[in-house]
Amino acid sequence: MKLSAKQTVDVLRAAGEPTRLRILALLEREELAVLELCRVLDQSQPRVSRHLKLLAEAGLVERFPDGAWVFYRLSGAGREQEVIGEVLARINPDDPVLARDRRKLDDVQAERSEAAQAYFAENAAQWDRLRSLYVSDADVEAQVVAAAGAHRVRRLVDLGSGTGRMLTLLAPQADHAIGLDLSQQMLNIARKQVAEAGLSHVDLRHGDIFDTRLPDEAADLVVVHQVLHYLGDPAAAVKEAGRIVAPGGKLIIVDFAPHKHEFLREQHQHRRLGFADDEMARWLAEADLPAAALTALPPNQADGLTVKIWAAQRAPTALRSAA
Ligand SMILES: C[S@@+](CC[C@H](N)C(=O)[O-])C[C@H]1O[C@@H](n2cnc3c(N)ncnc32)[C@H](O)[C@@H]1O
């Protein structure tokens, strides 16, 4: 249904202010924490928060707390969002204010990704020990194997493959496997682990989860194990992972349930403190994948974390074209 004239005026009024328009243009790129928005806009937190509140009341942005941080993203699909999309698309991309905001956001993102890269470079050698500090690896791995299913897989892709643990676990049941990671240090260790396991059909590649350069439907099993919480735009990563899942294939995402271990952000480069099921369901739907089968593994120690496994299976071709 179309918006009424009054609704349209409300949407335009909410967006019709310079800072609020800048905020919408920034959030069109990715979800951002309030402090990041303040930095890019060079405005105080109370001021930015006031603008965000107005945008949220008009249904244009969505607020979501994540530990001690608060993030904002554009609201999902809806007529209001279509109007905003139209407005933003019509602005000259060389507009000096928006171009400056984009450059500042580039700087914020670059800083974030350099810090994460440095963290992974520094910790690659001890990653296998770090990984098991807060969860029981054995339990998680047993559930991942169960989610993958007992049958053989033609093409396995592990995105953010790190030291290669998911590959040594799952590649024995695959005809061919690719591990993709942004960190050369992680890849070096993965190459050694994979060779030691005698898995000569595993190809380890340097690459970005946001742009894997793999063709559509390139894999029958895609795994994203403990990667999303490091990323600025986890929705985009899920979409890219979904793009490469073949009809009948599976996407298995392993990450944390929402938690409050703020030190993981401060000391271990986590950006998001876990993910809610409805959030993941929305991203999977946007990736054209059905609701995922869900496994939750509660912590086995007092300060542990709950691990979630979301396993979504793409419909076989016949069903997809009938849908
Ligand atoms: C926590 S480790 C997990 C590694 C492995 N999946 C595991 O569970 O042991 C996260 C990995 O994601 C990789 N990573 C982070 N951002 C990435 C990106 N944009 N594209 C590809 N890999 C990325 C890091 O280099 C790191 O190896």
Hits in the stretch 130-144 (condition: closer than 15 Å to LYS308 by Cβ, touching a residue at least 40 places away in the same chain (Cβ under 8 Å) and either of a type in the set (Lys, Arg) or surrounded by 15 or more Cβ atoms within 10 Å (Cβ to Cβ) (or both)): TYR134, VAL135, SER136, VAL140, GLN143, VAL144
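So that you can scan it fast, the table gives a plain yes or no per residue for (1) away from the ligand (no atom under 12 Å from the Cβ); (2) touching a residue at least 24 places away in the same chain (Cβ under 8 Å); (3) not assigned by TED's automatic domain parsing to the domain that holds LEU297:
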| position | (1), (2), (3) |
| --- | --- |
| ALA148 | yes, yes, no |
| LEU170 | no, yes, no |
| GLY198 | yes, no, no |
| ARG213 | no, no, no |
So ALA237 ticks every box in (1) away from the ligand (no atom under 12 Å from the Cβ); (2) closer than 22 Å to HIS270 by Cβ; (3) of a type in the set (A, V, I, L, M) but one. Which box is left unticked? (1)
Filtered residues of the stretch 103-129 (kept if basic (Lys, Arg) and either touching a helix residue (DSSP H, G or I) at 6+ places or on another chain (Cβ under 8 Å) or surrounded by fewer than 13 Cβ atoms within 10 Å (Cβ to Cβ) (or both)): ARG103, LYS104, ARG129
Out of curiosity, is GLN301 assigned by TED's automatic domain parsing to the domain that holds MET166, on the phi > 0 side of the Ramachandran plot and surrounded by fewer than 19 Cβ atoms within 10 Å (Cβ to Cβ)? no
Residues in the stretch 117-125: is at least one in contact with an Asp or Glu (Cβ under 9 Å, 6 or more places away or on another chain) and either within 10 Å of the ligand (Cβ to nearest atom) or in contact (Cβ under 8 Å) with a residue 60 or more places away in the chain (or both)? yes
Say whether the condition of being surrounded by fewer than 22 Cβ atoms within 10 Å (Cβ to Cβ), of a type in the set (A, V, I, L, M) and assigned to a loop (DSSP other than H, G, I, E, B) is met by at least one residue in the stretch 157-180. no
Being under 22 Å from the mean Cα position of the chain (by Cα) and loosely packed, with under 15 Cβ neighbours inside 10 Å, is that true of even one residue in the stretch 39-58? no
In the stretch 1-32, what residues are surrounded by 17 or more Cβ atoms within 10 Å (Cβ to Cβ) and not in a helix (DSSP H, G or I)? GLU30, GLU31, LEU32
Considering only the stretch 240-258, state which residues are hydrophobic (A, V, I, L, M, F, W, C) and either free of Cβ contacts under 8 Å to residues at least 12 places away in the same chain or within 15 Å of the ligand (Cβ to nearest atom) (or both). ALA241, ILE244, LEU251, ILE252, ILE253, VAL254, PHE256
Would you pick out the residues in the stretch 181-196 that are within 9 Å of the ligand (Cβ to nearest atom), part of a helix (DSSP H, G or I) and of a type in the set (D, E, K, R)? none
Being within 20 Å of the chain's Cα centre (by Cα) and more than 10 Å from the ligand (Cβ to nearest atom) narrows it down to one of HIS261, HIS225, HIS268, HIS176, so name that one. HIS261
I'm checking my understanding of the structure. Among residues of the stretch 263-321 that are aromatic (Phe, Trp, Tyr) and touching a helix residue (DSSP H, G or I) at 6+ places or on another chain (Cβ under 7 Å), which one is nearest to TYR134 (Cα to Cα)? PHE275
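The values are calculated or read from the model by the stated rules, or taken from the named source; none is laboratory data. Just so we're clear, the structure is a prediction, and the values are computed from it rather than from any experiment. For neighbour counting, all protein chains shown are included, and Cβ atoms are generated from backbone atoms with ideal geometry for every residue, glycine included.
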